[in-house]
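Take a look at this one; I'll ask things after.
The values are calculated or read from the model by the stated rules, or taken from the named source; none is laboratory data. Source: prediction; values computed, not measured. Note that each Cβ is placed from the backbone with ideal geometry, even for glycine, and that neighbours are counted across all protein chains shown.
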Amino acid sequence: MLEQINLTAEYLKNHIQGEMPKTGIILGTGLGALVDHIEDKQLIPYTEIPNFPVSTVEGHSGNLIIGNLGGKRVLGMQGRFHFYEGYDMKQVTFPVRVMKALGIETLFVSNAAGGMNKEFKVGDVMIITDHINLFPENPLRGKNYNELGPRFPAMTEAYSKDLIALADSIANEKNIRIMHGVYVGVTGPTFETPAEYEYFRIIGGDAVGMSTVPEVIVANHAGMKVFGLSVITDLGGKEITDVPTHEEVQKAAIKAQPVVVEIMRELVKRS
Ligand code: HPA
């Protein structure tokens with residue numbers, strides 16, 4: 001695995017023009033519009049990057065985007081790899097490993113999620129304060145490479161408290177309604193049964209989704225600072241009878257896009 005990471009990082013070092021970014025961004029479902037704000041962009045399709053898996057889901061194009069956002073150099077992932085697509089955990093988290101090898105220190109992530117918290121409304125944006133890993137596998141299972149991080153990494157501050165405080169002050173300044181919550185990461189691709197949404201709420205979850213947790217675990221293992229936002233695209237629970245669909249999720253995510261873009265852009269600038 002080390003060899004693969006280094007080979008891919010070498011390829012990118014040789015192909016990325018200009019200064020290497022220290023900020024990485026994973027653009028989740030329907031949140032790709034952040035790309036429009038990245039200036040002087042260089043685009044590298046995943047298909048051209050050695051060892052990179054290729055994204056398969058509708059609405060996720062696969063490119064690395066390097067450029068300037070809020071005056072900072074950033075490396076964006078347009079399209080991520082989901083466990084439900086059939087990739088294994090090493091593939092899902094491979095780009096984060098490569099980011100680390102390139103010198104990325106801070107990782108910003110976004111995703112779409114179903115809300116269980118009864119205060120939440122569709123279209124709300126939630127700062128992820130913590131997560132519960134309910135994927136059947138941990139991406140760090142198997143041989144540990146001490147070069148990459150410790151065997152038993154702490155997850156006490158998986159989401160940077162400083163970045164959360166900064167995001168709060170940005171939302172406050174801009175009069176943006178911002179929620180806080182615990183993200184439950186599950187395999188999918190099924191949406192949850194009413195009983196499952198209820199169960200996730202009872203165990204301490206506020207929102208549930210099919211991504212993010214593997215990447216955040218690996219980023220923490222590698223000593224990166226992480227910040228995450230979830231767009232609440234649907235609501236779930238015992239009293240909720242709406243049937244979530246992929247289209248509805250995309251639509252809600254696109255609607256919330258300006259807010260997510262605004263917060264992320266300002267955060268990148270000030271962090
Ligand atoms: N459940 C799981 N993943 C999701 C959901 C949901 O309700 N909405 C968007 N991603």
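So for segment 35-50 (the condition being of a type outside the set (A, V, I, L, M, F, W, C) and within 20 Å of Gly228 (Cα to Cα)), does at least one residue qualify?
yes
Restricting attention to segment 1-30, report how many residues are more than 16 Å from the ligand (Cβ to nearest atom) and under 17 Å from the mean Cα position of the chain (by Cα).
Number satisfying all stated conditions: 4.
Identify all residues within segment 240-257 that are of a type in the set (D, E, K, R) and either assigned to a helix (DSSP H, G or I) or touching a residue at least 40 places away in the same chain (Cβ under 8 Å) (or both); write none if there are none.
Selection gives Glu247, Glu248, Lys251, Lys255.
Same structure again: Mind checking which residues of segment 122-144 are in contact with a Gly (Cβ under 8 Å, 6 or more places away or on another chain) and within 14 Å of the ligand (Cβ to nearest atom)?
Val122, Asp124, Met126, Ile128, His131, Ile132, Leu134, Phe135
Let me ask something additional. For segment 150-223, list the helices (runs of 4 or more DSSP H) that sit wholly inside it and hold at least 2 residues that are within 16 Å of the ligand (Cβ to nearest atom) and either under 15 Å from Asp130 (Cα atoms) or touching a Lys or Arg at 6+ places or on another chain (Cβ under 7 Å) (or both); which are they?
It comes to 194-202, 213-221.
Step by step: first the residues of segment 192-216, then only those that are hydrophobic (A, V, I, L, M, F, W, C) and surrounded by 14 or more Cβ atoms within 10 Å (Cβ to Cβ), then the one that is farthest from the chain's Cα centre (by Cα). Which residue is that?
Only one residue tops the list, namely Phe200.
State whether one or more residues within segment 245-259 are more than 14 Å from the ligand (Cβ to nearest atom) and buried (at least 16 other Cβ atoms within 10 Å of the Cβ).
yes
Tell me yes or no: at least one residue of segment 172-191 is within 18 Å of Asp124 (Cβ to Cβ), at pLDDT below 95, touching a helix residue (DSSP H, G or I) at 6+ places or on another chain (Cβ under 7 Å) and buried (at least 22 other Cβ atoms within 10 Å of the Cβ).
Checked segment 172-191: no residue is within 18 Å of Asp124 (Cβ to Cβ), at pLDDT below 95, touching a helix residue (DSSP H, G or I) at 6+ places or on another chain (Cβ under 7 Å) and buried (at least 22 other Cβ atoms within 10 Å of the Cβ).
Something else about it: Here's a check for you: in segment 107-121, which residue that is away from the ligand (no atom under 13 Å from the Cβ) and within 12 Å of the chain's Cα centre (by Cα) is nearest to Pro244 (Cα to Cα)?
Going through the qualifying residues, I end up with Val109.
Name the pairs whose Cβ atoms lie under 6 Å apart, with the first residue in segment 130-159 and under 22 Å from Met99 (Cα atoms), the second of a type in the set (D, E, K, R) and in a loop (DSSP other than H, G, I, E, B), and 6 or more positions between them or separate chains?
Asn144/Arg151
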